[in-house]
Amino acid sequence: MSINTITLGGGCFWCIEAVYERVRGVTAVESGYSNGHVVEPSYEQVCTGNTGHNEVVRVSFDTEQISLREVLEIFFVVHDPTSLNRQGNDVGTQYRSGIYFTSPEQEQVAREVIAEMTASGTYRSPIVTEVLPLANYSRAEDYHQHYFAQHPNQGYCAFVVAPKVEKFRKTFASRVKAA
């Protein structure tokens, strides 16, 4: 097994986490905060938009089962990379689209995927996903971890998270983990 880890911001971390927990080849998913200027901020601090942090998920995956390119292709389907500082009704810099890399190889793949998507005309508007080195990462509070799995009937989960999970299942049926 060869494990690689990438950190992704695509709106509320509950949504992105719920998708990647269902991806075959993903070995761990952790919700957290990154690329802000406060050390180990709380959820309440991040929600003010004053810390500069993004709600992110740290996705660890077995490169023998799934490539970084495939991880990123899923990412671009389950969130809107053309929406600056918002995903649906979630508005603020903490909801920005971002790929936070830890190696030059990760940065190269991220930039290649964005360039290919831009050239393909997949989106009508420009992709605004930031591609930056991972900085000042901290794990989110325990109650944010595996949130959708623990609260599938909670309003936000039922009406916002569940449709993203279903979109992943339909678009990437071959990548869905066995139950």
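The values are calculated or read from the model by the stated rules, or taken from the named source; none is laboratory data. As the structure is a computational prediction, the values presented were derived from the model and not from experiment. All Cβ positions, even for glycine, are placed from backbone atoms using ideal geometry, and neighbour counts span all protein chains on display. Just the protein is used for accessible areas: all its heavy atoms, side chains included, with ligands, DNA and RNA removed. Shrake-Rupley method; radii C 1.70, N 1.55, O 1.52, S 1.80 Å.
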By the mean-Cβ-within-10 Å protection proxy, highest first, 44-52, 75-83 rank as 75-83, 44-52
R0 of 41 Å, Cβ-Cβ distance E141-E116: FRET efficiency to nearest 0.05
0.65
State, as an integer percentage, the relative contact order of the chain based on alpha-carbon contacts under 8 Å between residues 6 or more apart.
32 percent
Heavy atoms only, 1.4 Å probe, whole protein assembly: order Y143, Y95, Y20, Y156 by accessible area, highest first.
Y143, Y156, Y95, Y20
Let me know the shape class of the stretch 37-95, please: from the alpha-carbon gyration tensor, a ≥ b ≥ c as square roots of the eigenvalues, rounded when a/c is under 1.5, otherwise prolate if a/b is greater than b/c, or oblate.
oblate
Using the heavy atoms of the protein chains alone and a 1.4 angstrom probe, what is the accessible area of the chain per residue in square angstrom?
47 Å²
Everything considered on the Cα gyration tensor (a ≥ b ≥ c; rounded for a/c under 1.5, else prolate if a/b is larger than b/c, else oblate), the stretch 115-176 must be described as oblate
Quick one: if you stick a label point 7 Å off each Cα along the C-beta vector at Y156 and T102, how many nm between them?
2.7 nm
Can you work out the FRET efficiency for the pair L84 and A178, with r the C-beta to C-beta distance and R0 = 41 Å, to the nearest 0.05?
0.65
Simple spin-label estimate for Q65 and E40 in nanometres, 7 Å along Cα-Cβ
3.2 nm
Run the helix sum for the chain: -39,500 (n - 2.57) per DSSP H stretch of 4+ residues, divided by residue count, reported at 222 nm to the nearest 500 deg cm²/dmol.
-8500 deg cm²/dmol
Compute the Cα gyration tensor for the chain, then decide on rounded, prolate or oblate, letting a ≥ b ≥ c be the square roots of its eigenvalues: rounded whenever a/c is under 1.5, prolate when a/b is larger than b/c in the other cases, and oblate in all that remain.
rounded
At a 1.4 Å probe, what is the % contribution of carbon and sulfur to the accessible area of the stretch 121-172?
56 percent
The stretch 66-168: GluC sites (Glu not before Pro) falling in loop per DSSP and having at most 14 other Cβ within 10 Å:
E141
In whole percent, the fraction of accessible protein surface over the stretch 11-65 that belongs to carbon or sulfur atoms, probe radius 1.4 Å, stands at 46 percent
